[in-house]
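Presented below is the structure to which this report refers.
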């Protein structure tokens, strides 16, 4: 992507009012060119085949194909299109693990999304709610998505039985996952595991 040329965007979100607002916001900025919009993930993937663009901005919960399915599809295609997920759900870790280029929360001012898109356009990966060093830490990269999910719930103070209920698994399976987590991140107990999680993933004020 050439920095002096407008970034070509395709925006997808199930909320038509939000979609219209984002489109207008980016159209008013000469650094961007909104090539197309979509209200569902399936339509977005069709646009990938039909429209030349640099960055896709998508919601996480969309009809037909949600954000997870869209990212998985693009990864399987080995697509060069970079995708930023704009969502109210706390899915930054999932977006990163599926090859997304960035995440921005709908709870934050929408203008901040412009900065994220600019940085992604420069080749950066932007996940505001994860400390940057987490991406380069081998202990973090060694964890599976399920292990990260369990670690997140553990950090919320839940007991094993509650974690088992949340993920619809047995307490023995929870213990198995925790054992693997402890070994991978080099800790000995729950307290140390929670401290590790907070070091890398706790949202900064």
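Any read-out appearing in this document is the output of simple, stated calculations on the displayed coordinates, not a laboratory observation. Given the structure is predicted, the values throughout are model-derived calculations rather than measurements. Cβ coordinates were reconstructed from backbone atoms using ideal geometry, including for glycine residues, and neighbour counts include every protein chain displayed.
Once the mean of 1/r is taken over each pair of separate Cα atoms and inverted, the chain shows a Kirkwood hydrodynamic radius of 18.2 Å.
With axes computed from alpha carbons, what is the tilt in degrees of helix 111-121 against the longest principal axis of the chain, rounded to the nearest 10 within 0 to 90? Between the helix axis and the principal axis of the chain, the angle is about 90 degrees. Using a Gaussian network model on the chain with a 10 Å cutoff between Cα atoms, which of 29, 149, 13 fluctuates the most? In this elastic network of the chain, the residue with the biggest mean-square fluctuation among 29, 149, 13 is 29.
For residue 192 and residue 107, the difference between the fully extended length at 0.36 nm per residue and the C-alpha to C-alpha distance is 27.6 nm.
When the square roots of the Cα gyration tensor eigenvalues are ordered a ≥ b ≥ c, the ratio a/c for region 40-93 is 1.5 or more and a/b exceeds b/c, which makes its shape prolate. Between residue 152 and residue 172, the modelled label-to-label distance comes to 2.8 nm, taking each label 7 Å out from Cα in the direction of the beta carbon. Computed extension gain for residue 46 through residue 115, at 0.36 nm per residue and net of the alpha carbon distance, reaches 22.2 nm. The Rg/Rh ratio of region 7-129, with both radii computed over alpha carbons and Rh defined as the Kirkwood radius, is 0.91. Using a Gaussian network model of the chain whose springs link C-alpha atoms within less than 10 Å, name the residue from 58, 169, 181 with the highest mean-square fluctuation. It is 169. Based on alpha carbons, the Rg and Dmax found for region 134-201 are 11.1, 32 Å. Adding -39500 (n - 2.57) for every DSSP H run of four residues or longer, then dividing by how many residues the chain holds, sets the calculated 222 nm ellipticity at -14500 deg cm²/dmol. Between 0 and 90 degrees, the angle of helix 16-27 with respect to the longest Cα principal axis of the chain falls at about 60 degrees. Return one number: the angle in degrees, 0 to 90 and rounded to the nearest 10, between the long axis of the Cα atoms of helix 41-50 and the longest principal axis of the Cα atoms of the chain. It is inclined by approximately 50 degrees.
Computed from label points 7 Å out along Cα-Cβ, the spacing between residue 78 and residue 122 is 3.0 nm.
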